[in-house]
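Notes follow the structure.
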Amino acid sequence: PFNSRQDFQNMFDMAKMLAMSDMVPQSYQGKPMNCLIALEQAQRMNASPLMVMQNLYVVKGKPSWSGQACSMIVNGWGLFEKVKLNYVGTVGQENRGAFESAVRKEDGEEIIGTTVTMKMAKDEGWTTNKKWQSMTEQMLGYRAYAFFARLHCPNALSGFSVEGEIEDIEASKRTNANKMTSLLKGNASE
């Protein structure tokens, strides 16, 4: 992205200007280096810098795309057509779920993403987030887009995490640590 020192300097100057704006998300205000990363990412994706800033946030020090961004990335990346979010099951039941489908432009093959269900959300501990109770359909949709993007166009994500992945990994580490502690305590008492 930076073909010369001057290209870098020009982008850094733009990043400094964006960092002074109160119209960019708070995590970019006063932080020209964060703005520079967002600008570089926007350039790589041929996307609006503000779209990137509004949908790329930091969780535990790692950049993560929002579920909404995954929808825009899948739709805008140019690999797929007829992108559709599909809902299955009964509203309010554990079988309620969502999956994304699309037709790959390259060969016309229909691609079906992972079905994300409320049972999965409960089993994975995602429902501790209050949004899963107040915005169930939205959250199912965002996770379905995120799973599809991670599996079928990971390059579009530029190696960044997707909304919820960091939290899921941390929750899994805590669960595994708790299980190990319980096992050790159980063995120690024998």
ask   = What shape does the range 2-108 take by its C-alpha gyration tensor, where a ≥ b ≥ c are the square roots of the eigenvalues and a/c under 1.5 counts as rounded, a/b above b/c as prolate, and the rest as oblate?
value = oblate
note = Placing +1 on each Lys and Arg Cβ and -1 on each Asp and Glu Cβ in the range 1-117, then taking the dipole about the Cα centre, the residue among V88, P63, M20 whose Cα reaches farthest towards the positive end is M20
request  = Determine the gain in length on full extension of the stretch T90-D7; use 0.36 nm per residue of separation and subtract their C-alpha separation, reporting nm with one decimal.
outcome  = 24.5 nm
query = Taking all protein chains as present, what is the carbon and sulfur share of the accessible area of the range 16-64, in % to the nearest whole number, probe 1.4 Å?
reply = 58 percent
task = Find the accessible area per residue for the range 1-108; the probe is 1.4 Å, ligands and nucleic acids are left out, and the unit is Å².
result = 59 Å²
note = The extension gain from E110 to D123, computed as 0.36 nm times the residue separation minus the Cα-Cα distance, is 1.8 nm
query = Using the Karplus equation 6.51 cos²θ - 1.76 cosθ + 1.60 (θ = phi - 60°), what ³J(HN,Hα) coupling, rounded to whole Hz, does each residue of the range 62-69 give in order, writing x for Gly and Pro?
reply = 10, x, 9, 7, 6, x, 4, 5
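Peptides 5-15, 61-71, 131-141: what's the order by average Cβ count within 10 Å, highest mean first? Let's see the in-between values first.
Numbers: 5-15: 13.4, 61-71: 19.7, 131-141: 15.9.
Highest-to-lowest ranking by the protection proxy: 61-71, 131-141, 5-15.
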ask   = Taking a probe of 1.4 angstrom, what is the accessible area of M17 in Å², to the nearest 10?
value = 120 Å²
Table column - 3J(HN,Hα) (Hz), the range 32-39, Karplus curve with 6.51, -1.76, 1.60, x for Gly and Pro = x, 5, 4, 5, 4, 5, 5, 5
note = The ³J(HN,Hα) series, computed from each phi in the range 99-108 with the Karplus coefficients 6.51, -1.76 and 1.60 at θ = phi - 60°, rounded to the nearest Hz and given as x for glycine or proline, is 8, 9, 10, 7, 10, 6, 4, 4, 9, x
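The values are calculated or read from the model by the stated rules, or taken from the named source; none is laboratory data. Just so it is clear, the model here is predicted, and its values are computed rather than measured. Here the Cβ is made from the backbone with ideal geometry for all residues, glycine too, and neighbour counts use every protein chain on show. Side chains are part of the model used for accessible areas, which takes the heavy atoms of the whole protein and leaves out ligands, DNA and RNA. Shrake-Rupley method; radii C 1.70, N 1.55, O 1.52, S 1.80 Å.
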